[in-house]
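Asker: Got a structure for you, written out below as structure tokens; questions coming shortly.
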Amino acid sequence: MLRSLFAFMAVILFSVTGFAKEYVEGDLHKNDSKWFQFNIMQSIDNKIPFDNQNDTYFEMEFGGRSGIFDLYGYLDVFDVFDSKDSDRHGTDTQNEDNFFFKFAPRVSFDAVTGKDLSIGPFKEFYVSMLFNIGEQDLFEEFVGLGTDLEVPWMGTMGVNLMARYVRENFNAANEGRWDGYVLATNWFKPFYFFSNGSFLTWQGYLDYKFAATQISDDVNRTDSSLEWFNGLYWHSPRYAAGYGLKLYKDMALFKDGGFAGETSGFGHYLALTYKF
């Protein structure tokens with residue numbers, strides 16, 4: 001499964017020559033940056049499996065660039081106000097997760113080699129990794145190839161194609177193996193600026209998992225799923241606020257209407273942000 005991904009990486013690496021201006025002077029940290037923020041999120045009609053649709057949760061979100069590393073991640077703490085109205089409230093077996101952690105590091109081929117590997121709109125190439133970790137029995141790992149793609153009007157989008165591995169646990173004896181792929185994209189597009197320096201953005205992501213053929217319970221599981229988040233946000237140097245509309249299709253590879261409940265349709269998100 002991984003062979004075709006890494007073969008493609010090798011073709012890219014050894015067929016392109018030249019030196020990147022960012023690295024030719026030996027300063028790997030010329031373009032370093034970092035950001036960190038707190039978000040209070042309200043989910044409405046979320047299609048998380050097992051009817052975890054409505055919740056107010058706290059999110060610590062971060063990202064940046066340091067030398068060869070490009071990084072993004074967040075930690076969600078559910079039912080932050082300990083509310084009985086939250087679908088995450090309580091201690092029954094369907095609501096035991098108190099947090100979700102997403103960690104997505106990438107390693108730049110351009111920075112490692114000191115060469116400009118760009119091809120047309122593909123501006124930089126990476127080894128991409130992704131880890132999705134839940135408290136009880138979720139541990140998904142992904143590895144593959146990533147790039148920064150220059151798109152007309154949109155600017156730079158992150159695009160990653162990765163193979164999927166799920167660690168074996170007591171609820172998923174069929175896992176503990178490589179199974180499927182994910183195509184993951186993300187974008188952040190400012191499109192309207194106010195006189196005081198604040199601005200509006202269209203921001204979001206699309207994650208498409210596919211070819212997960214090893215999942216044995218074909219009655220309740222599926223070999224593909226889609227999450228597509230589109231957010232309209234207002235930003236100032238210290239604060240942000242926004243609304244997100246998210247389209248789900250068989251969330252987390254659980255068939256809609258099966259034992260995991262409603263996993264397809266639209267969900268809504270409201271967000272308030274403080275930036276450090």
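The values are calculated or read from the model by the stated rules, or taken from the named source; none is laboratory data. Everything quoted here is computed from the prediction, not taken from an experiment. Using ideal geometry, Cβ is built from the backbone for each residue, glycine included, and neighbour counts are taken over all protein chains shown.
Asker: In region 225-256, what residues are modelled with pLDDT under 95 and among the small types (Gly, Ala, Ser)?
Answerer: Answer for region 225-256, where residues must be modelled with pLDDT under 95 and among the small types (Gly, Ala, Ser): just Ala252.
Asker: Can you name the residue in region 202-223 that is in contact (Cβ under 8 Å) with a residue 40 or more places away in the chain and closer than 29 Å to Asp148 by Cα and is also surrounded by the fewest Cβ atoms within 10 Å (Cβ to Cβ) among such residues? Break it down into steps so the answer makes sense when it comes.
Answerer: Going through region 202-223, the residues in contact (Cβ under 8 Å) with a residue 40 or more places away in the chain turn out to be 204, 209, 212, 214-217, 220, 223.
Then drop every residue that is not closer than 29 Å to Asp148 by Cα, which leaves 204, 209, 212, 223.
On the way: Gly204: 20, Lys209: 25, Ala212: 20, Asp223: 16.
This residue is Asp223.
Asker: What residue, among those in region 43-57 that are part of a loop (DSSP other than H, G, I, E, B) and in contact with a helix residue (DSSP H, G or I) (Cβ under 8 Å, 6 or more places away or on another chain), is nearest to Tyr248 (Cα to Cα)?
Answerer: Lys47
Asker: Which condition from (1) more than 17 Å from Leu270 (Cα to Cα); (2) surrounded by 17 or more Cβ atoms within 10 Å (Cβ to Cβ); (3) at pLDDT 95 or above; (4) among the charged types (D, E, K, R) is the one that Glu175 breaks?
Answerer: (3)
Table: residues versus (1) more than 14 Å from Asn39 (Cα to Cα); (2) modelled with pLDDT under 95; (3) surrounded by fewer than 16 Cβ atoms within 10 Å (Cβ to Cβ).
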| residue | (1), (2), (3) |
| --- | --- |
| Asp55 | no, yes, no |
| Glu59 | no, no, no |
| Phe62 | no, no, yes |
| Asp70 | yes, no, no |
| Asp79 | no, yes, no |
| Lys84 | yes, yes, yes |
| Asp92 | yes, yes, yes |
| Arg106 | yes, no, no |
| Asp110 | yes, yes, no |
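Asker: Restricting region 178-192 to residues that are over 18 Å from Ser225 (Cβ atoms) and within 18 Å of the chain's Cα centre (by Cα), which is surrounded by the most Cβ atoms within 10 Å (Cβ to Cβ)?
Answerer: Trp187
Asker: A further question follows. Can you confirm whether Gly134 is under 30 Å from Ala111 (Cβ atoms) and within 18 Å of the chain's Cα centre (by Cα)?
Answerer: no
Asker: Here is a follow-up. Where residues in region 229-250 are surrounded by fewer than 16 Cβ atoms within 10 Å (Cβ to Cβ) and either of a type in the set (Gly, Ala, Ser) or within 18 Å of the chain's Cα centre (by Cα) (or both), which of them is farthest from Glu262 (Cα to Cα)?
Answerer: Ser236
Asker: Being part of a loop (DSSP other than H, G, I, E, B) and in contact with a Ser or Thr (Cβ under 8 Å, 6 or more places away or on another chain) is the filter here, so list the residues in region 58-77 that pass it.
Answerer: Result: Ile68, single match.
Yes/no matrix, rows are residues, columns are (1) in contact (Cβ under 8 Å) with a residue 24 or more places away in the chain; (2) more than 24 Å from Asp137 (Cα to Cα); (3) of a type in the set (Asp, Glu):
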| position | (1), (2), (3) |
| --- | --- |
| Leu28 | yes, yes, no |
| Trp35 | yes, yes, no |
| Asn39 | yes, yes, no |
| Ser43 | yes, no, no |
| Lys47 | yes, no, no |
| Gln53 | yes, no, no |
| Met60 | yes, no, no |
| Asp70 | yes, yes, yes |
